[in-house]
Every structure is written in structure tokens, then in C-alpha cells.
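The values are calculated or read from the model by the stated rules, or taken from the named source; none is laboratory data. No experiment lies behind these values; they were computed from the predicted model shown. No Cβ is skipped: glycine too gets one built from the backbone with ideal geometry, and neighbour counts run over all protein chains shown. Calculation scope for accessible area: heavy atoms of the full protein, side chains included, ligands and nucleic acids excluded. Shrake-Rupley method; radii C 1.70, N 1.55, O 1.52, S 1.80 Å.
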Amino acid sequence: MRQVRSLILLCIGFFSINAVWAHPHAFIDMQTQFLIKDQQLIGLRMAWLFDEAASSELIYELKISKNPVETKQQMSDTIMQNIVNQHYFSYFYDSQKIPLKYTSKPDQYELNVIGNHILFSFNFYLSQSQPIHNFHGTLSSYDPSYYVAMTYPQAPARTIADYPQCQVTLQTPNVDQKLKDYAASLDKSQKDEDMTLGALFAQQVVLSCQ
């Protein structure tokens with residue numbers, strides 16, 4: 001099994017479903033904020049809301065734990081490290097289509113139970129901050145195999161507090177029916193062999209600053 005086959009397996013390590021489903025098998029609702037300080041883009045804050053099926057085992061483990069605070073921290077550390085190992089499942093390009101690199105030191109990460117869902121939030125940072133003057137960047141977050149669908153249930157805020165010169169927009173790809181049918185044909189024991197399926201379904205968050 002290729003490492004990125006399942007974001008749930010990587011991040012949580014518990015996901016198991018006996019039924020055979022079409023791709024995707026699990027779902028994450030995302031929120032993204034751009035972190036700007038002193039006219040420099042320094043990083044991003046993300047919040048991932050896992051679906052009920054993917055959340056249920058973690059919630060159960062927390063409920064039966066004799067030390068839920070310690071268990072919760074251990075889960076958070078494991079999830080965060082696995083996300084770091086997979087480049088945060090996020091790909092950020094500047095106006096010249098050059099990828100922006102990240103540090104391997106996220107912070108302010110936390111796991112919370114929201115109803116029947118797990119919400120995991122974290123900050124991560126650019127290796128080199130970017131001046132926001134005339135900055136244009138495009139961010140995509142996805143599981144390359146499309147085993148997990150990572151989507152925005154609502155568009156990010158169009159403006160950034162204290163930086164009105166920056167606008168944020170969400171672009172959703174127009175995926176043709178043939179590709180949708182192909183994804184639906186893959187059961188949970190299969191994967192997209194060239195690992196490009198997730199990118200084709202990925203939404204893009206565009207940051208444009210004057």
C-alpha cells in the first residue's frame with residue numbers, strides 16, 4: 001500500500017470499513033486562513049473536520065481512556081507528525097508556478113471533538129516568508145490517491161483582517177463525467193496508479209494581494 005493511499009490511515013491510524021465503497025472513502029471539510037505579519041505571508045492555519053465514520057474510533061478511544069487528556073495529546077502528536085511527513089497534504093505555488101516550501105515545525109495544533117466529528121487544527125509555516133505586495137499564490141490541499149476527499153464546504157473569507165489589499169477566492173475544478181465515473185469505479189482495495197486523481201478533484205484557494 002502506498003503511503004499516501006489513505007489520509008485517514010496516515011493521520012489517525014485506525015480507519016477500517018468492511019463495506020466496499022467507490023472513491024472517495026472518507027471526507028474532510030477544510031477551513032484555511034493565511035497568516036500575515038508585518039506585510040509578510042508567514043504561513044497558514046488549517047482546520048480539518050473529519051466525517052463521522054472516520055471520527056468514531058478516535059472518539060471512542062477518548063471516551064474509554066483512563067487518562068483522556070494524555071490520550072488526546074498523544075493522538076494530536078501522532079496526527080500532526082504524519083501530516084508533516086506528507087507535506088501537510090498541501091501544495092502552494094507562487095505566480096511563477098514555483099512551489100513554496102514549508103518548515104517541519106508546525107505549532108498550535110489541537111484535536112477537539114465537535115458532536116460526532118473530530119476537528120484537527122494546526123498552524124504551519126513557509127520556510128521563507130513572502131512579501132504580500134503584489135503577491136499571487138495558489139494553494140491546493142488533497143490526498144493524491146483521492147481515497148479521502150478534502151473540500152471546502154464554504155469559501156474562505158474573501159478579505160484578511162488588517163490587510164484589505166489581499167483578496168481570497170476559491171476555485172473548484174470542472175471535473176468531467178468520465179473522470180467522475182473512473183473514480184466511482186475504484187473500490188477501497190484499489191488506487192489511482194499514477195497518483196494524480198486527487199489533484200484533478202482538488203479545489204484551489206487563491207491569495208492575491210495588491
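Remarks
- Heavy-atom accessible area for Phe34, with the other protein chains in place and a 1.4 Å probe, reaches approximately 20 Å².
- In the elastic network of the chain, a GNM with C-alpha springs shorter than 10 Å, the most mobile of Gln39, Gln86, Gln31 is Gln39.
- Furthest towards positive pole of dipole, Tyr60, His23, Gln96, structure part the chain, Cβ charges: Gln96
- Dipole in debye (nearest 20) - the range 83-177, about Cα centre, beta carbon charges: Lys, Arg +1; Asp, Glu -1: 160
- Heavy-atom accessible area order for Tyr163, Tyr91, largest first, 1.4 Å probe: Tyr91, Tyr163
- Value of [θ]222 nm, deg cm²/dmol, for the chain, DSSP H segments ≥ 4, -39500 (n - 2.57) each, nearest 500: -7000 deg cm²/dmol
- Taking Cα centre as origin and charging only the Cβ of basic (Lys, Arg, +1) and acidic (Asp, Glu, -1) residues, the dipole magnitude of the chain rounds to 200 debye.
- Once C-alpha pairs closer than 8 Å and six or more residues apart are averaged by separation and normalised to the residue number of the range 90-210, the relative contact order reads 30 percent.
- Whole-percent carbon and sulfur share, accessible surface of the range 104-210, 1.4 Å: 47
- Relative contact order (percent, whole number), the chain, Cα cutoff 8 Å, 6+ residue spacing: 28
- Equivalent-ellipsoid semi-axes of the range 142-191, from the Cα gyration tensor, Å, largest first: 33, 12, 7
- Over the range 63-210, accessible surface divided per residue gives 56 Å², non-protein components excluded, 1.4 Å probe.
- For the chain, a/c is not less than 1.5, where a ≥ b ≥ c are the root eigenvalues of the C-alpha gyration tensor, and a/b does not top b/c. That puts it in the oblate class.
- Note on Asp107: accessible area is roughly 60 Å² with a 1.4 Å probe, heavy atoms of protein only.
- Highest GNM mean-square fluctuation among Tyr182, Tyr147, Tyr102, for the chain modelled with Cα contacts below 10 Å: Tyr182.
- With all protein chains in place and a 1.4 Å probe, the accessible surface of the range 21-75 carries 53 percent carbon and sulfur.
- Largest to smallest in accessible area, the residues Ser185, Ser129 fall in the order Ser185, Ser129 (1.4 Å probe, all protein chains included).
- Rounded, prolate or oblate (a/c below 1.5 giving rounded, otherwise prolate when a/b exceeds b/c) for the range 28-79 by Cα gyration tensor: oblate
- Count of lysine pairs in the chain with Cα separation under 19 Å (8 or more residues apart, or interchain): 6
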